[in-house]
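A short worksheet on the structure shown next.
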C-alpha cells in the first residue's frame, strides 16, 4: 500500500519528505513485525540482535562494549539485556583473564538453538519475510540508497 494511503493523506508529499516519512513508517512497521514474530520465543528485538551478534562472533565472544558498538539500536542498555539473556540461559558471561572488571559474553547452545528455531520458522528467509518481493538487485539498490540517505 502506498504511504499516502497508509497515512490517509490526500495531498501529494514532496519527494524528500515522502522518503523521510516512508523510512520512519517502514521502521515502525518492521519493529511491529519483529515484536510480533519474536514474542513466542520470549525475546525482544534488541535481545535477538545481541544473540545474532554473539552467534557471529562464536566461539570467541565479545565484551559488553563490543556488543553495544555492533547493535542496531545503540541506546539499548546492553548490560541489562545481556543479564536477562543470561538468566534465560541463552548467553554465558565469562570473566576476562587479564581484566577482572570486564566480562566476555558468549552465546550458549540454548541461544544457538533458539536462533535456529526462529530461522526455521521463516522469520529470516520465509515467504512472508518483509522485502521478499524485491529482486536481489532491487534489495541491493535499496540498501545502497539507504546508506546514501544516512550520509
| task | Give region 55-68 a look and list any residue that's closer than 19 Å to residue 97 by Cβ and in a helix (DSSP H, G or I), or say none. | result | 57, 64, 65, 66, 67
| Tally, over region 38-54, of residues that are in a helix (DSSP H, G or I) and out of contact with any helix residue (DSSP H, G or I) (no Cβ under 8 Å at 6 or more places or on another chain) | 3
| field | Within region 1-23, considering residues that are loosely packed, with under 13 Cβ neighbours inside 10 Å and within 18 Å of residue 147 (Cα to Cα), the one farthest from the chain's Cα centre (by Cα) | value | 15
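Would you confirm whether any residue within region 93-101 is modelled with pLDDT under 95, in contact with a helix residue (DSSP H, G or I) (Cβ under 7 Å, 6 or more places away or on another chain) and more than 20 Å from residue 30 (Cβ to Cβ)?
Scanning region 93-101, I find at least one residue that is modelled with pLDDT under 95, in contact with a helix residue (DSSP H, G or I) (Cβ under 7 Å, 6 or more places away or on another chain) and more than 20 Å from residue 30 (Cβ to Cβ), so the answer is yes.
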| task | Output the residues belonging to region 24-51 that are closer than 27 Å to residue 148 by Cβ and either free of Cβ contacts under 8 Å to residues at least 24 places away in the same chain or surrounded by fewer than 15 Cβ atoms within 10 Å (Cβ to Cβ) (or both). | result | 24, 25, 26, 27, 28, 29, 30, 31, 32, 34
| Would it be correct to say that residue 117 is within 28 Å of residue 58 (Cα to Cα), free of Cβ contacts under 8 Å to residues at least 12 places away in the same chain and part of a helix (DSSP H, G or I)? | no
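The values are calculated or read from the model by the stated rules, or taken from the named source; none is laboratory data. As the structure is a computational prediction, the values presented were derived from the model and not from experiment. Please note: Cβ atoms are built from the backbone with ideal geometry, for glycine as well, and neighbour counts cover all protein chains shown.
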